[in-house]
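Participant: Let me give you the structure first, and then I'll get to my questions.
Any read-out appearing in this document is the output of simple, stated calculations on the displayed coordinates, not a laboratory observation. Because the structure is predicted, anything quoted here is derived from the model rather than measured. Note that we place each Cβ from the backbone using ideal geometry, even for glycine, and neighbour counts take in every protein chain shown.
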Amino acid sequence: MSGGESAGGGKRRDVARSAPRRLGGALERLVAESAPKTLLAEVQGAWPNACGAAIAANAEPVAERAGVVTIACADGIWAQELELMGDELRSRIGALIGTERVRGMRFTADLARHR
């Protein structure tokens, strides 16, 4: 067998191969392409960056209706505090997904029910 032939007798093609790609990048693209294109999904994706780790650990967007996003909170104290921060949180989310997309926010004390 010569250097250009394969075991089956046919000619072997020299294929230029690139270096292996990182799996993380492929997974991020897959998630982005397969994620639902709804306002709630966009808010859920932006939530940790908009509010920070401490708030995200104790509250999360769970519903949306007519532009009003419902945020389920760990307890009544979190719901009350976030209600006071509502305009600021809405502004931060708007900066990430587009202003005026979220028309309002309501805060409930039932996060355990949604997890």
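Participant: What size of dipole, in debye to the nearest 20, comes out for region 36-106 about its Cα centre when the only charges are +1 on Lys and Arg C-beta atoms and -1 on Asp and Glu C-beta atoms?
Facilitator: So the dipole magnitude of region 36-106 works out to roughly 280 debye.
Participant: Residue farthest toward the positive end of the dipole of region 14-115, with Cβ of Lys/Arg at +1 and Asp/Glu at -1: which of Ala63, Val102, Ala19?
Facilitator: With unit charges placed on the Cβ atoms, the residue in question is Ala19.
Participant: Amide H neighbours of Arg106 under 5 Å, counting only residues 5+ apart in sequence or on other chains, H built in-plane at 1.01 Å?
Facilitator: Result for Arg106 returns Val69, Thr70, Ile71.
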